[in-house]
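Note sheet for the following structure.
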């Protein structure tokens, strides 16, 4: 990367920062040790010249992009293993891997590595669902990369409704083998990352048949390709699913089975089992499988969403300080566009949300570790609450992030549309998370189911768990007078959430009373149910942010700016859903202007520290990977530099001129 | 394209349509003749096998994509000229061209043709700003494609604020030439389509200097490349700006001038002039230039936005009838996902908005033609109203469309993320329109300026023009009781718009009173001003739709369904901005549930005719260009077919296995 001196406008912005930026960075990372570790990791991975591209991947063909991804993945994962061996920081492989992915996807392999699922799902599934013998056989090979695996669940015609999967796996006691089959086109496995051409093993989810009976979905480990020739094994049809909005290096694939025989021991049998004779033995505890899904959703919120938000807001904030356009005062010269109120409106909520979701994710993570340690002891009591929380947080945070990334992109005008801004890549990663690991609407309805149940429990006098405790007292709060401060605003969020859940509860009840089936009563209330779950989620986020700001051990200067951000996002979300607050909380029409004033005032307070705030995210230039967002702010130099990386610009005249254009122009048609 | 029988679920949906689909198609097109003409055009252009690709463009490299675009453009534009000669339908070249672009961008050259600006801006500018001698010299060559031109205004550092452009053009009376210069990096022209490697002429906007004085921005026609060698002319640095979120075949370019000399007659002098001696003669009427911008914005709303909305909603609707997932009633089998209320919530507003914006655009177009015919007679009275309207409609319609396209994509789950769904391409075209031809926030503020002025005029007793007439009576309406019907809802939109404009007016006044400068008073109100302009726009759209439905000569059956759609979008927009309606209109809290009920009821009414509605858009399969949206609904067959078009799938083992992967796996690290 070419070195420049820092743009003078940015230099000025950084002077006189009222808080200690390094203190904020350590808070953001979750501790000084984590900051240190992250920086070490970044230096280790990002400074290696062998991983740099001459030509940005956007200019390559789809096939070349894949081949580059494989070349780089092989280098990168050797480094990753070396890193793992030397730096055992007590985190699980998956956790380290996800942090690492943050670097990879933006800095090293745009569109992600095809090895991703090997670490993210193949190994973890083997470890959680394989017997000790199975683990002995497979996990070592997987860890030392003698085999590369993926995880195949979703089918061409089946995603959300797992019970509807069509792939069958039938036990044949005569040979002590299973027979895998894809009976229809819609049963083709579709989407597994790395499946296209990269992996030679897959964990395949299929309907288990034995002794003439179907026992539902179970996992099987299947060899897909021969390790010497890499040719597909007999009976297997495998390929990639084609190009996508993003994630184009990850090699998502499809697979179909035509009577593929695998040994009995290739069914992962830690829980359920099929004995030699074909007798099926049920799993004792299937709730544990359930917790893997929650884990992944918690990780998405914890390690990805704040990351995308902070990258997008860093790029937009720095660019808006360098970019000068139009005169606020005629004749005063063109001003920094960050001085426009409308520009602050597009960018500052993204900064505030970065922190808000960071705090919420950290609280979710604490709940997760608490609940899983109870799970191991057999205590399932808090699992539904955790599940409800992980579902709505994954849904709302990914949706909010996709909108905020777009808003930051649009704030950068035409230049935000350039791939060199990195916005298109960040958006493609963010919006993908709206669909994968549980489609957002489906997840919101799962949360809603938990909430309506909790409401019913409350009526029947049962004890409420922590995150729904407000169902007990939200009505009382409506009597209070409105004061535009954090406490009152937070309470208003609980009134809105509580009222919406109450409405759903009674509307379903009313439907049933008027003769509808339970299911229909639910189905005709789903729009309202998703909105109730969203309101519950926003309350949790605001509360987590407000509590963190109040209780974290921070300097007074930092407390001030974080409180500003917390007020900003409260006011922003209230105004976004103003109808709800006017209907369901103690907010009155006459109070609205005070919230509008608060929001505008927060913008004024954040403006002078905006650059220092995003600097504190401490995002490595290679991860930002943006002509508009680099630390030194040489926006225009980089735009031109990046343009000149285009292979089209390597020759003054493209050959299509001689082949097509010249004859066309001469034909005088 | 492979032929299939029609999917049985879609067949069922199409049975018993209560209205005449062909009648709706003709209404949608604006008349039976237009339907006929469009279909003829589609057959002519879309059936030519020479324009078809074996490999979808997403799989090509950036450079290959460009070369393919040039090859196809040369074929295509020969056909276009042939079409023009044979089919003079009285529309302007630009109008025909824009309709034609709708075919090209989606069906023939994804990412648009690099010849686009030649037709869209180069020729029209020559015709409107060139003298008759200049037209004689250039227009003929341009029409017969002996030269290819583009339009260069935006610079690397300058977009919105045209006065800030830095390119200079200085007259030298000694040689009777102009000297073009790019004094800084930020003065590089940046963005013109086709400029990279395709065009050899450009109209360049530059600051005119003569006799030591700057006379502001004027247009010059400049030769960029030699017609024989296609090498850049001396003193010219030219290239493409690099890869983008979309529009990757259009060859956007940059250009810098180093003392490039052009003759005096290369300044377009229909309006302002520089005489031989260097004397500057001012333009008599510069408002006419102004009207070109309005024209393009009107065209965007008229011919593009409804197009994108209708494509997206067609794909999502058909897919949602074919896709079956989850059981609404346990054991009843998986249902069509369009039966989910939440799915209807994602898709049906897009269908309704297709019609709403179609009606609004058609009313805008009528106003446009009325005002321009008055302009020619020198009557400028209604120009500000037209300008205000075109600005907000362009801004709100493009923003709404980008959100709706995304919502339709998300409704298709993971499959919507595939490029073969065509959603990524449609989105990239839609969101680009949020920025080009006037950045949306800037446009809303232009409308707001008109509205605040109109409000002041009303207070001082001046006559109001048609679209702001409501400023006179919106307050009276607040006294009426709420009834949930079209009339009352439409009136509520005028109350909201009126109140918001009123608030802005008084808030600015208050600011000035408290000592702020006029400019600062405006600048601290811009968030509210953009929202006031948006409210004004929504009122215009709702009114246009409601009036059209009431007054168009349509069968009773069609009236019913269009009224349903109009009610749907009214209810949807009210609930989206419920806070505004509760604050500013006669809607009371107790009335809200009736609107929620109306929306849900509209969904129920639209559900049985949804497929027939989108069928009536009559979008050619080649234009839909979507594995998920084809008329026959063979979704899964096409997904697999499209996947197998990937060059990666042409060989069972990619060479990267032998080069990288095998050594990696064998290294047992």
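Here, each number is a calculation from the coordinates, and none is a lab measurement. Everything numeric here is computed off the predicted structure, so don't read it as measured data. Cβ: placed from backbone, ideal geometry, glycine included. Neighbour counts: every protein chain shown.
For this structure, a couple of remarks:
- Per residue Cα convex hull volume in Å³ - calculated over segment B:518-669: 327 Å³
- Neighbour-count ranking [beta-carbon atoms within 10 angstrom, fewest first] of A:500, A:189, B:86: B:86, A:500, A:189
- With label points defined 7 Å past Cα in the direction of Cβ, position residue B:377 shows copy-to-copy spacings of 8.9 nm, given to one decimal and shortest first.
- Debye intensity ratio I(q)/I(0), log10, segment A:119-284, q values 0.18, 0.19 Å⁻¹ (C-alpha model): -1.16, -1.29
- Two-site FRET efficiency, residue B:576 against residue A:47, from Cβ-Cβ distance with R₀ of 51 Å, rounded to 0.05: 0.60
- Nitroxide proxy distance, nm - points 7 Å out along Cα→Cβ at residue A:597 and residue B:327: 5.8 nm
- For segment A:389-436, the spherically averaged projection of the C-alpha convex hull amounts to 3.1 nm².
- For the peptide A:424-430, the mean number of other protein chain Cβ atoms found within 10 angstrom of a residue's Cβ is 2.
- Over chain A, equivalent-ellipsoid semi-axes from the Cα gyration tensor in Å: 42, 37, 23
- Label-to-label distance for residue A:476 and residue B:517 is 5.4 nm, based on points extended 7 Å past Cα in the beta-carbon direction.
- Shielding score for A:67-74, defined as the mean number of other chain Cβ atoms within 10 Å: 5
- Relative to its residue count, the protein assembly as shown spans a Cα convex hull of 179 Å³ per residue.
- Averaged over the residues of peptide B:232-245, the number of Cβ atoms from other protein chains lying within 10 Å of each residue's Cβ is 6.
- A straight chain from residue A:211 to residue A:237 at 0.36 nm per residue would run longer than the Cα-Cα distance by 6.6 nm.
- Separation of the residue B:15 and residue B:280 label points, Cα + 7 Å toward Cβ, nm: 7.5 nm
- Residues A:190, B:230, sorted so that the one with the fewest Cβ neighbours within 10 Å comes first: B:230, A:190
- Take residue B:43, push a point 7 Å out from Cα through the beta-carbon direction, and compare it with the same point in every other copy: 7.2 nm, smallest first.
- Fewest-first ranking of B:581, B:657, B:161, using other Cβ atoms within 10 Å as the exposure measure: B:161, B:657, B:581
- FRET efficiency for the pair residue B:6 and residue B:228, taken as 1/(1 + (r/R0)^6) with r the Cβ-Cβ distance and R0 = 60 Å, rounds to 0.65.
- Shortest first, residue B:64 label-point distances to identical copies amount to 0.9 nm, with the label point at 7 Å from Cα along Cα→Cβ.
- Calculated FRET efficiency for the pair residue A:78/residue B:335, C-beta based, R₀ 60 Å, to 0.05: 0.75
- Peptides A:345-352, A:483-490, ordered by how many other C-beta atoms sit within 10 Å of their residues on average, highest first, read A:345-352, A:483-490.
- Chain B - mean residue ellipticity at 222 nm from DSSP helices (-39,500 (n - 2.57) per run, n ≥ 4, rounded to 500): -16500 deg cm²/dmol
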